[in-house]
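Any read-out appearing in this document is the output of simple, stated calculations on the displayed coordinates, not a laboratory observation. These numbers were taken from a predicted model, which means no experiment stands behind them. Counting neighbours? That spans all protein chains shown, and the Cβs are built from the backbone with ideal geometry, glycine included.
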Amino acid sequence: MENETVQILDGNITEVQLKHWKHKHKRVVKLSVEDDDGKTLHAYFKKPSIAIRSAVLQASKMDEFKALEVLFKNCFLGGDHAIEEEDDLRLNITTSFSDFIQPKPVKIEVL
């Protein structure tokens, strides 16, 4: 029996896990943030569906932080556990992810 080495990527995920996520979600976004000790941590997200975006929008009408939690819980795939456990890290990384997924500018031309 051959010994296969498991490739560990940023965020303590395996290459196999990343390939699985890409196959299932088509596009995976990796974000990095530094903790208070200067260590770089990584998180992986899938792009939100219309249903997730709707839930985030509904939550944002009452509480912006709740909206970010809805986004995190529904789109976070994995990564360093400290991001899940520490509110500041989760807030920073989810805010950046939220900014990334905002609608892109559209050029409109009346003909």
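Observations
- 18 Å reach of a label modelled at residue 96, 7 Å along Cα-to-Cβ, counting backbone N of the range 10-39: 10-13, 28-39
- Shape annotation for the range 44-111: C-alpha extents along the principal axes are 53, 26, 19 Å, from largest to smallest.
- Residues with amide H under 5 Å from that of residue 11, placed H, sequence gap 5 or more: 42
- Links that overshoot a 19 Å alpha carbon limit, given the list 66/104; 46/107; 39/73; 22/46: 66/104; 46/107; 39/73
- A Cα-only calculation for the range 1-88 places Rg and Dmax at 15.4, 57 Å.
- Cβ-based exposure ranking for 65, 97, in which fewest neighbours within 10 Å come first: 65, 97
- Sum of -39500 (n - 2.57) over DSSP H runs of 4+, divided by residues of the chain (222 nm, nearest 500): -14500 deg cm²/dmol
- Stretch gain in nm, segment residue 74-residue 27, where the contour uses 0.36 nm per residue and the Cα spacing is subtracted: 15.4 nm
- 10 Å Cβ shell holding at most 12 others, DSSP loop, GluC sites (Glu not before Pro): longest site-free stretch of the chain: 5-108
- Radius 12 Å from Cβ of residue 74, net charge of other residues (Lys, Arg +1; Asp, Glu -1): +3
- Taking 0.36 nm per residue of separation and subtracting the Cα-Cα distance, full extension of the segment from residue 5 to residue 82 would add 25.2 nm.
- Residues 90, 53 arranged by fewest to most Cβ contacts within 10 Å: 53, 90
- Neighbour-count order for 68, 111, fewest beta carbons within 10 angstrom listed first: 111, 68
- Spherically averaged projected area in nm², based on the convex hull that wraps the Cα atoms of the range 1-49: 4.8 nm²
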